[in-house]
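Report on the following structure.
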Ligand code: HEC
Ligand code: HEC
Ligand code: HEC
Ligand code: HEC
């Protein structure tokens, strides 16, 4: 299984040079996926959990949450703050499919990542969370 995943990663073209644009921008062309994601996936509301805890943690601690509870924090064209980049404030389509601005502008499927691997999930669903989470059979679980 591990080998298969490693091989998949090796042949996966991930070099998409683009910036983030936000989940709303996908709606017009992929309404089915959009609606399903917004309705069923908690990932589409992932910052709410953090915002509820806002008063209990320091502003510095709050920033550490953004890495996993928003889209593209710390990356080019990614989330900066709720005020500056409200369209990226949850974990949206692009945390799995990669930054989509160029794809939206061109409609060209080669500017978006189709193959999503467990490696993608693991950047946020880390070791310690995996044990409780058992998300391997759920590759589509947070999606649509
Ligand atoms: C202006 C229309 C348009 C918008 C907006 C758009 N797409 Fe697409 N998308 C397409 C077209 C056209 C295709 C290729 C045909 C198809 O698979 O439906 C495509 C294909 C895809 C694919 C499959 C790629 C492949 O290799 O088969 C994914 C994944 C995708 N889009 C994700 C997104 C995401 C995420 C967003 C928002 C950031 C988005 N799209 C916004 C038009 C659009
Ligand atoms: C390394 C990535 C990562 C970081 C950093 C992170 N989280 Fe999370 N968080 C997750 C994942 C993944 C889940 C969902 C899976 C789970 O429940 O373990 C989650 C779930 C949660 C939940 C439960 C949500 C619910 O609806 O039940 C809360 C609350 C939460 N996080 C708050 C925070 C806060 C506050 C911070 C910053 C201090 C933070 N998280 C930092 C990845 C992260
Ligand atoms: C948690 C990860 C995840 C999120 C978030 C996610 N997707 Fe996907 N998406 C997937 C997976 C996995 C596939 C199947 C890829 C394959 O064909 O192997 C997929 C496939 C697709 C496809 C190709 C057609 C299809 O349905 O198989 C489109 C288009 C697409 N996603 C659009 C979106 C849009 C738009 C959003 C946001 C509204 C989104 N995705 C959010 C994981 C995700
Ligand atoms: C950028 C970080 C990030 C990535 C990448 C990511 N997730 Fe998540 N995911 C989260 C956070 C944060 C939550 C908690 C949302 C909440 O409960 O408020 C979550 C929640 C979930 C849930 C809980 C239930 C639900 O409906 O949302 C599932 C299932 C899930 N993720 C699957 C996946 C899978 C499968 C992948 C990889 C294809 C993936 N996630 C990639 C951050 C991420």
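So if I check each of 82, 95, which one is in a loop (DSSP other than H, G, I, E, B), in contact with a helix residue (DSSP H, G or I) (Cβ under 8 Å, 6 or more places away or on another chain) and either at pLDDT 95 or above or more than 14 Å from residue 124 (Cα to Cα) (or both)?
82
Could you figure out which of (1) surrounded by 12 or more Cβ atoms within 10 Å (Cβ to Cβ); (2) modelled with pLDDT of 95 or more isn't true of residue 121?
(2)
Okay, residues lined up against (1) within 15 Å of ligand 4 (Cβ to nearest atom); (2) part of a loop (DSSP other than H, G, I, E, B); (3) at pLDDT 90 or above; (4) under 15 Å from the mean Cα position of the chain (by Cα):
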site	(1), (2), (3), (4)
99	yes, yes, yes, yes
102	no, no, yes, no
128	yes, no, no, no
132	yes, no, no, no
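Considering only the range 116-127, state which residues are near ligand 3 (Cβ under 8 Å from one of its atoms) and farther than 13 Å from residue 69 by Cα.
Selection gives 116, 120.
Among 101, 113, which is the only one that is more than 10 Å from ligand 3 (Cβ to nearest atom) and within 17 Å of residue 71 (Cα to Cα)?
After ruling out the rest, the residue left standing is 101.
Please work out which residue is nearest to ligand 2 (Cβ to nearest atom), limiting yourself to the range 7-33 and to residues that are modelled with pLDDT under 95 and surrounded by 14 or more Cβ atoms within 10 Å (Cβ to Cβ).
If we filter the range 7-33 for residues that are modelled with pLDDT under 95, which is where we start, we get 7-18.
In the following step, the residues that additionally are surrounded by 14 or more Cβ atoms within 10 Å (Cβ to Cβ) were identified as 9, 12, 16, 18.
Values: 9: 20, 12: 22, 16: 22, 18: 23 Å.
Here the answer is 9.
Quick one: how many residues across the range 34-47 are touching a helix residue (DSSP H, G or I) at 6+ places or on another chain (Cβ under 9 Å) and surrounded by fewer than 16 Cβ atoms within 10 Å (Cβ to Cβ)? Can you show your working first?
Residues of the range 34-47 touching a helix residue (DSSP H, G or I) at 6+ places or on another chain (Cβ under 9 Å): 34, 37-38, 42-47.
The next check asks that each one be surrounded by fewer than 16 Cβ atoms within 10 Å (Cβ to Cβ); those that pass are 42, 45.
Adding up the residues that qualify gives 2.
Somewhere in the range 85-101, is a residue more than 22 Å from residue 35 (Cα to Cα) and without any contact (Cβ under 8 Å) to a residue 12 or more places away in the chain?
Looking through the range 85-101, none of the residues is more than 22 Å from residue 35 (Cα to Cα) and without any contact (Cβ under 8 Å) to a residue 12 or more places away in the chain.
The values are calculated or read from the model by the stated rules, or taken from the named source; none is laboratory data. If you're wondering where the values come from, they're calculated on a predicted model, not measured in any experiment. Cβ coordinates were reconstructed from backbone atoms using ideal geometry, including for glycine residues, and neighbour counts include every protein chain displayed.
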